[in-house]
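Report on one structure; see the data block that follows.
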Amino acid sequence: MNQPYPGDRPITKNHLSAWCISIACGSLLILGTHFSPQHEEAIRVTTLRWAGTIPVNGEGSDLRTTADVLSTLTNFSSVTVPDDRKSNAKDAGGFLPSEPTEKSPVASLIHEKDGTREGNLKSVRYRTTPSRFTDLHQIEADARKRDYLSKLDPNHVPTMTLVMDDQMLSPEAGVRPAGKAETRQHRSTHKPTDQAPNLVECSTTGIGDTQDNDVLFMVVDDLNDWISLLDADSPIKTPNLERLAGRGVLFTRAYCASPACNPSRSATLTGLRPTTSGVYGNKSDWRHALPERKTIMQRFIDGGFRVRGAGKIFHHHLDGAFHDDASFHDFQHMQTQKYPEKKLNGSPDYGSRNTDWGKWPSREQDTIDFQTADYCIDVLKNHPADTPLFLACGIYKPHSPFFAPSVYHKPYEQIQMPLRRENDWNDLPAGATTLLRSKKWFWRGMMGVEKQRQGSYRDFIRSYAACAAFADAQVGRVLDALDNSPRGDKTTVVLWSDHGFHLGEKDHVEKFALWEKTNHIPLIVVAPGVAKAGVKCTRPVDLTTIYPTLLDLAGLPADPTCDGVSLRPLLEDPKAPWKIPALMTYMRGNHAVRSDRWRYISYSDGTEELYDHDVDPNEWENLASDARYNDVLIQHRTWLPKSEARQVRDLKANLRPLLLK
C-alpha cells in the first residue's frame, strides 16, 4: 500500500501515518486515512476506483469525508440500505471526476475534537469547550496551518461557528452525523479480532501514532548546559541523557521560562508564562494566582490517565506547601534533605546549610533521588497494562547542597574550570546590577572561601559535576525500568531541567539571571510514531511548549489559552520553519529573547544587553550600545510581552497547614 495504485492519486507516507483501510468489493478500491481533524495532511485523502465507471487519472475537488465511503460503496453495488440504517453521508461517486459541484461543508471527528472544512477555511474546536476555536486556517495560503485566523482575523469565527453547529448535531436531537464519535472518557484498549473477509485493517507506526502512549515526565533540577549531552567537550558526562536523546529529539537550544525554580515550574506545568500568571519569584503563591488553572497532570487525569509521581515536581520550599495534591492520584513527596553534622566545605559562615558541597552520604540508597527513582521503578514494573499512565519523576540534584556519594566524585578530581573573563561586568547596564544586587553574595562569598581555603572553588565545581553525574545515573535507573516494562516502547518521554546554573561565569553563582548559562537547559522529547530517533533540533524553544505538546501528542483537547505552542511540527521535522523565539522572564519587567543567533535582554529600567552567539558564545561583548545593531534590537524588542501581570502575593509558611488540608 506504499505504492500508488494505477490510475489513482498517489498515497504518501503521511497519508498512511495513523491507520489505513482498504475495502475490496467487486472491483472497487477505496483508500482513506484519519488521525486528527486539526491536521489536514492526516485526513485529506480518499481514493476510489471502479472499473468502467470512474476514469483513470481523474480527480474530484469536492469536499468529502471518509464517512461518505459507505454510501458510495452501497450505491455502486446497488445495495438497498434500510431506512433505519441510513446516515447523512453522501455518495461521492457522482462527483468523480468533475468540476466541483458539491459546496456543502464536511466534518471530521476524533475523540473530543470537531473539525469542519468549508471551501478554503478549516476550523477545529472541542466539545469540552464548544465556544472556543483552537484552529482556524486558510488552507491554500497556509498549507502547514501555522497561522491562527481565530486570533488574527476573528471575523471568520462566527461564520464557521454556524457551519460547525450545523454539521455537529447535538445528542439531544437524536441523530448523529455519520462518523460522529461519542465523547471519550477513557482510551479504548479494544482491538478488533473478528473481521469480514473483505475488510482489512492495517496498523502502522508512521507519524502521528502517539495517542495510546503512556507518558514519562522527567525533570532534573538546576542542570545547566555544561554537560556532554549538549557539549561534547564538557567534562561532565551524562551517558544516560545521551542514551535517551538517541531515542527522540534533542532540542539543543531549549530555554526555561524563568531562571528560578517556582516560576519556571509553574509556567511549565500550567502552560502560562510569569507575565500571564504573576508568578515571578520563588515565593510566589502560584495556586492562589491560578486557582482554576489545570496543570498538565490534571489534563491527563481528565483524559483517563492514572497520574502518579515522586520527587521534586513543584517547588519544594516550605516543606512541600507549593505541591498540588489535585494533580496526582498518588504521589511520593520528596524526602527531607539530610545533612552531615558539620558543613563539609569548612565554611560555616558562607550561606546556609544548603551552601555546602562534598562527598556525602556514603550510601547511595540514602539519597533523596535514589528513593524517588525507586518509586518510579516500582510504578513502571507494576502498573496495570490496561490503564494509561502519566508518571512524573522529579530528580532533585544537582540542586544544592552539592552532596553525592564519593564514587561520583572520582572522575572529576582534576576537573577543568569554567571559562571566565576578568572585568566581565564592565559593559553591563544598570539593570543587570539592580536585578542581581541581592545575589552578589554568592560569588563574593565564594571568593572569600577560596581565599581562606585554597582549592574550595574547584571543590565546588567538582561537587556540582558529581551531583550532575549522580542525577544522570538515577535517570538511567528509571530508563532501565522503562525498557523492561510492558509498555516501554509505547511511552512518550519528556525530560527537561527547570533552568540552568552559573558556576562562576560572569562572576555569578546560582541562577536568577537572564544570561545564556542560567537559562539554557536540556530538553529531550521521545515520541514513538512521531519523532525520529537520535535527531537534533536547533530551533530556539522554551518550556511553555511542553504543556501544549503533551496535549497534542496524547490527542487530548488543546488549550488555546496556553502561552506556548506545540512542538509537534519540530518533532516531525526538526528543520521545519519556526518563527517564535524563546522568551525568558525573571521578576516583573526583566526579559530575555533568544533567537537562532542572538540573545537580547531588556531590564525593567529600559537598559539592554545584546550578544551575538555566532561569535561570542560566552557573552563577553555586550553589543546593545553599538549603533550597527539597532535593527537587531528593534526586531527583538517586538517579542517582549505587551502586558505583564502584577506580581502575586508570596506563600507564607503559616498558611501551609491550611493549604495542605
Requested in this report: Quick one: divide the alpha-carbon radius of gyration of segment 498-605 by 2.2 N^0.38 Å and tell me what you get.
Outcome: 1.18
Query - Of S625, W578, G564, farthest towards positive along the dipole that unit charges on Lys, Arg, Asp, Glu beta carbons give segment 549-661 - result: G564
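So, for segment 472-525, what is the accessible surface per residue at a probe of 1.4 Å, expressed in square angstrom?
Working: 990 Å² over 54 residues.
The answer is 18 Å² per residue.
What pairs from K237/K342; K342/K397; K381/K490; K294/K532; K237/K517; K237/K343 go past 22 Å between their alpha carbons?
Values: K237/K342 30 Å; K342/K397 20 Å; K381/K490 14 Å; K294/K532 31 Å; K237/K517 18 Å; K237/K343 27 Å.
In this structure, K237/K342; K294/K532; K237/K343 lie more than 22 Å apart at Cα.
Between A385 and R353, 0.36 nm times their residue separation minus their Cα-Cα distance comes to what? If you can, show how the numbers build up before the last one.
Details: separation 32, 0.36 × 32 = 11.52 nm, distance 4.38 nm.
Contour length minus Cα-Cα distance gives 7.1 nm.
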Requested in this report: Whole number in Å², please: accessible area per residue of segment 343-442, 1.4 Å probe, ligands, DNA and RNA not counted.
Outcome: 46 Å²
Query raised in the report: What is the distance, in nm, between label points placed 7 Å from the Cα along the Cα-to-Cβ direction at L419 and at T561?
Result: 4.4 nm
Query - Surface accessible to a 1.4 Å probe, S400 within the full protein complex, Å² - result: 20 Å²
Query - Relative pair counts by distance (%), Cα atoms of segment 407-463, 10 Å bins - result: 19, 40, 30, 10, 1
Report summary line: Taking protein heavy atoms only, a 1.4 Å probe, and rounding to whole percent, the accessible area of segment 254-324 owed to carbon and sulfur comes out at 45 percent
Query - Solvent-accessible surface ranking, highest first, for E364, E422 at 1.4 angstrom - result: E422, E364
Query raised in the report: Using the Cα gyration tensor of segment 428-577, with a ≥ b ≥ c the square roots of its eigenvalues, what is the shape: rounded (a/c below 1.5), prolate (a/b larger than b/c) or oblate (neither)?
Result: oblate
Query raised in the report: Under the Karplus relation 6.51 cos²θ - 1.76 cosθ + 1.60, θ = phi - 60°, what is the ordered set of whole-Hz ³J(HN,Hα) values for segment 262-273, x standing for Gly and Pro?
Result: 5, x, 5, 5, 4, 5, 5, 7, 10, x, 10, 5
Report summary line: In order over segment 553-564: 3J(HN,Hα) from phi, Karplus 6.51/-1.76/1.60, θ = phi - 60°, whole Hz, x for each Gly or Pro, gives 5, 8, x, 8, x, 5, 10, x, 7, 4, 7, x
Report summary line: In terms of the alpha carbon gyration tensor, root eigenvalues a ≥ b ≥ c, rounded if a/c is under 1.5 and otherwise prolate when a/b exceeds b/c or oblate, segment 516-567 is oblate
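With Cβ to Cβ distances under 15 Å as the rule, what net charge do the other residues near N423 carry (K, R +1; D, E -1)?
Values: positive: R420, R421, K506; negative: E422, D424, D427, E505, D507, E619, E621.
Around N423, the surrounding residues sum to -4.
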Query raised in the report: For segment 367-504, what ratio Rg/Rh do Cα atoms give with a Kirkwood hydrodynamic radius?
Result: 1.10
**Report entry** Sulfur and carbon atoms: percent of accessible area, segment 534-599 [1.4 Å]
**Finding:** 54 percent
**Report entry** trypsin sites (Lys or Arg not before Pro) restricted to segment 293-367 and DSSP loop, no more than 10 other C-beta within 10 Å
**Finding:** K342, R363
Query raised in the report: In the neighborhood of K312, defined by Cβ-to-Cβ distances under 12 Å, what is the net charge if each Lys or Arg adds +1 and each Asp or Glu adds -1?
Result: -2
Report summary line: Extend 7 Å from the Cα of D427 along its Cα-to-C-beta direction; within segment 487-518, residues with backbone N under 19 Å of that point are 505-508, 514-518
Requested in this report: Return the carbon/sulfur percentage of the accessible area of segment 337-403, one whole number, probe 1.4 Å, all protein chains in place.
Outcome: 48 percent
Report task. Largest first and to the nearest Å, give the Cα extent of segment 433-488 along each principal axis. Result -> 54, 31, 9
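The values are calculated or read from the model by the stated rules, or taken from the named source; none is laboratory data. Because the structure is predicted, anything quoted here is derived from the model rather than measured. Using ideal geometry, Cβ is built from the backbone for each residue, glycine included, and neighbour counts are taken over all protein chains shown. Side chains included, ligands, DNA and RNA excluded: accessible areas come from the protein's heavy atoms. Shrake-Rupley method; radii C 1.70, N 1.55, O 1.52, S 1.80 Å.
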